[in-house]
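Step one of this worksheet: look at the structure below.
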Amino acid sequence: MPANEAVPPLDPPPPWLGRHIAALAAAHRAGRLPAALLIHEAPGAGGDWLARRAAQLALCADDMAAPCGSCTACRRVAAFQHPDLMWVSPAEDSRQIRIEQVRDLAAELALTSHGGGYKVGVITPADTLNRFAANALLKTLEEPPSRTLLMLVASQPSRLPPTVLSRCQRLRVSPPARGEALSWLAAVRGAGDWNAVLDVLGEAPMLAAQADPAEVAEISTDTRRTLEALADAGTDPVAAAEHWARSQLPLRLMCFENWLTERIRRGERAGAFITELRAAPYLPGRGAFLNIRELYGLLDEVRELRAILDLPLNRSLALEALFRRLAPAEQSRSGVRHG
Ligand SMILES: [Zn+2]
């Protein structure tokens, strides 16, 4: 069972994943299903969904119509309750998949299947396998038991050792076109301003499917207002940091990233950075408060903070440090720029 309880439904199928399932089903009918599959997904594009559907394909009772979606095996897979499906994710108190988990998986895959057919293992996100766990996986990849389907779902497969990657057939899941994502979201979640949600979250419909559009809109507006105020030295960075740390921080950091990206784009369009490159680090007065290097630097740090949020860290202090770099008074005091 995945750590995240809110799992997008298997039906209706996302249209952008349909061709992948069709290709896998054809390979399965021809007896050419690979033993190891690396599902390289764009974040939020549906790697886990595809792995679950492929598990149905391998375990379905109806060989010709697999994955039928309605037989007992398919329904058990959908509920993560099939005895021949092993789903491996980081334990709740961890950011990594540990070696013991991989050893358990390998031992389970080596046993005869309960249903007399395939055994399926899913490792997700596989880019959280630590070094020892990835090495432990190698043996299974080198000599997979027959009728095994092992799937690694990763959005950053470059974090995996080349020895692991070279033993997997790669399947690339690209982000869907906006229109496809919107129609699928309307079908699984009903009416809502999904376009605005995707504007905030990026082309990540699986993430959007777990979001509340009204809440995303509210946080997005509130976050933007705070950032503009901070940039104008019109609000207290300490209070703002404490507020963010307490409420919807991952979402707020995404909004922060979007806000910085917009500024970079706007500056590029206006040609503001060209003068700035020549005159750096001396910038025109208020309004062009951050130079492009600062903006990119901040963007990196916001991303970094988002990536380590589940580590024990003082979120308020980390945010406050970022916020202080937005405030013009702080910058001139620290000598970064001159008004
Ligand atoms: Zn079935």
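The values are calculated or read from the model by the stated rules, or taken from the named source; none is laboratory data. Quantities reported herein were computed from a predicted structural model and do not represent experimental measurements. Backbone-built Cβ (ideal geometry, glycine too); neighbour counts: all protein chains shown. Just so you know, the surface numbers come from the protein's heavy atoms only, side chains and all, with ligands and any DNA or RNA stripped out. Shrake-Rupley method; radii C 1.70, N 1.55, O 1.52, S 1.80 Å.
Projecting the Cα atoms of ALA73, VAL102, PRO125 onto the dipole axis of the range 73-131, where Lys and Arg carry +1 and Asp and Glu carry -1 at the beta carbon, places ALA73 farthest toward the positive end. The range 136-205 and the range 11-54 have Cα centres lying 9 Å from one another. Using C-alpha pairs under 8 Å with a sequence gap of at least 6, the mean separation divided by the residue count of the chain gives a relative contact order of 17 percent.
Across the accessible surface of the chain, with the other protein chains kept in place and a 1.4 Å probe, carbon and sulfur atoms take up 51 percent.
Taking 0.36 nm per residue of sequence separation and removing the Cα-Cα distance, the ARG306/SER94 pair yields an extension gain of 74.7 nm. Here the Karplus curve 6.51 cos²θ - 1.76 cosθ + 1.60, taken at θ = phi - 60°, turns the phi angles of the range 97-102 into couplings of 8, 9, 4, 4, 5, 5 Hz, with x standing for Gly and Pro. Rounded to whole numbers, the Karplus 3J(HN,Hα) couplings from phi for the range 40-50 are 8, 9, 5, x, x, 8, x, x, 5, 4, 5 Hz, using 6.51 cos²θ - 1.76 cosθ + 1.60 with θ = phi - 60°, and x at Gly and Pro. Remark on the range 3-64: Rg and Dmax equal 12.1, 35 Å (Cα only). Given +1 at the Cβ of Lys and Arg, -1 at the Cβ of Asp and Glu and no other charges, the dipole of the range 1-149 around its Cα centre is 320 debye to the nearest 20.
A Förster radius of 35 Å, combined with the Cβ-Cβ distance separating ALA110 from ARG172, puts the computed FRET efficiency at roughly 0.75. The angle between the Cα long axis of helix 292-307 and the longest principal axis of the Cα atoms of the chain comes to about 40 degrees, rounded to the nearest 10. Label-to-label distance for ALA26 and ASP222 is 4.9 nm, based on points extended 7 Å past Cα in the beta-carbon direction. Among the trypsin sites (Lys or Arg not before Pro) found in the range 12-71, those both in a DSSP coil and sparsely packed, with 10 or fewer other Cβ atoms within 10 Å of their Cβ, are ARG32. Each Lys and Arg Cβ is given +1 and each Asp and Glu Cβ -1; about its Cα centre, the chain then shows a dipole of about 860 debye. Taking every alpha-carbon pair in the range 1-138 and binning the separations at 5 Å intervals from zero gives 2, 10, 19, 23, 22, 14, 8, 2, 0 percent.
For an R0 of 22 angstrom, estimate the FRET efficiency from the Cβ-Cβ distance between LEU313 and GLN156 and round to the nearest 0.05. Don't skip to the answer; put the middle values down first.
On the way: r = 21 Å, r/R0 = 0.97.
According to the calculation, E is roughly 0.55.
Less than 5 angstrom separates the built amide H of LEU150 from those of ALA36, LEU37, GLY121, all sequence-distant by 5 or more or on a different chain.
3J(HN,Hα) along the range 76-90: 5, 4, 4, 8, 6, 10, 8, x, 9, 10, 10, 10, 10, 9, x Hz, from the Karplus curve 6.51 cos²θ - 1.76 cosθ + 1.60 with θ = phi - 60°, whole Hz, x for Gly and Pro.
Multiplying the residue separation of GLU262 and ARG131 by 0.36 nm and removing their Cα-Cα distance gives an extension gain of 43.4 nm.
Convex hull volume of the Cα atoms of the chain, normalised per residue: 152 Å³.
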